Amino acid sequence: MPIFKLLSKADWEESQSLGYVKLGANDIQFIHMCEQEQISDIMPKIQSDQVMVVQLDPSKLLGRLVKEANKPGGTEFWHLYDTESAAKKIPLDAVLNTELRIQARPALVP
């Protein structure tokens, strides 16, 4: 069961020096993750034109992995809970693969 975390290329590069995957601002109550077929739906939420798709080994994640909908009847996504003991970190040794994807961002109109 492949699980993925999406982040900007800049955050991924920072992760290399941190020693763990840098989390997004919305990873407060839990860490957001997805399945492969959900990647294209999640990518626009990453505020960057360069998105790193990080494949994770679920057996190396610290915490409780739960597949659930954000709202009743909604699409189910993977969430990682109970990560307080690990200071809410995804260790780099949980990373199986990475892929850089480029997404077109709409031009800002002045």
Taking residue 6, is it crowded, with 18+ Cβ neighbours inside 10 Å and part of a strand (DSSP E or B)?
-> yes
Selection status of residue 51, touching a helix residue (DSSP H, G or I) at 6+ places or on another chain (Cβ under 6 Å), surrounded by 11 or more Cβ atoms within 10 Å (Cβ to Cβ) and among the β-branched types (Val, Ile, Thr) | yes
Please enumerate the residues belonging to segment 81-92 that are surrounded by 10 or more Cβ atoms within 10 Å (Cβ to Cβ) and modelled with pLDDT under 95.
-> 81, 82, 83, 86, 88, 89, 90, 91
Could you pull out the residue among 55, 47, 16, 29 that is part of a loop (DSSP other than H, G, I, E, B), within 20 Å of residue 89 (Cβ to Cβ) and not aliphatic (A, V, I, L, M)?
-> 29
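Conditions tested, residue by residue: (1) at pLDDT below 95; (2) buried (at least 20 other Cβ atoms within 10 Å of the Cβ); (3) among the acidic types (Asp, Glu).
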{"position": "14", "(1), (2), (3)": "no, no, yes"}
{"position": "28", "(1), (2), (3)": "yes, no, no"}
{"position": "33", "(1), (2), (3)": "no, yes, no"}
{"position": "43", "(1), (2), (3)": "yes, no, no"}
{"position": "47", "(1), (2), (3)": "yes, no, no"}
Single residue of segment 58-70 satisfying the filter (loosely packed, with under 15 Cβ neighbours inside 10 Å and under 21 Å from residue 94 (Cα atoms)) that is modelled with the lowest pLDDT = 64
Sole exception among (1) surrounded by fewer than 17 Cβ atoms within 10 Å (Cβ to Cβ); (2) on the phi < 0 side of the Ramachandran plot; (3) out of contact with any helix residue (DSSP H, G or I) (no Cβ under 6 Å at 6 or more places or on another chain) for residue 73, by number = (2)
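The values are calculated or read from the model by the stated rules, or taken from the named source; none is laboratory data. Bear in mind that the values here come from a model prediction, so they are computed numbers and not experimental data. Glycine gets a Cβ as well: all are built from the backbone with ideal geometry, and neighbour counts include every protein chain shown.
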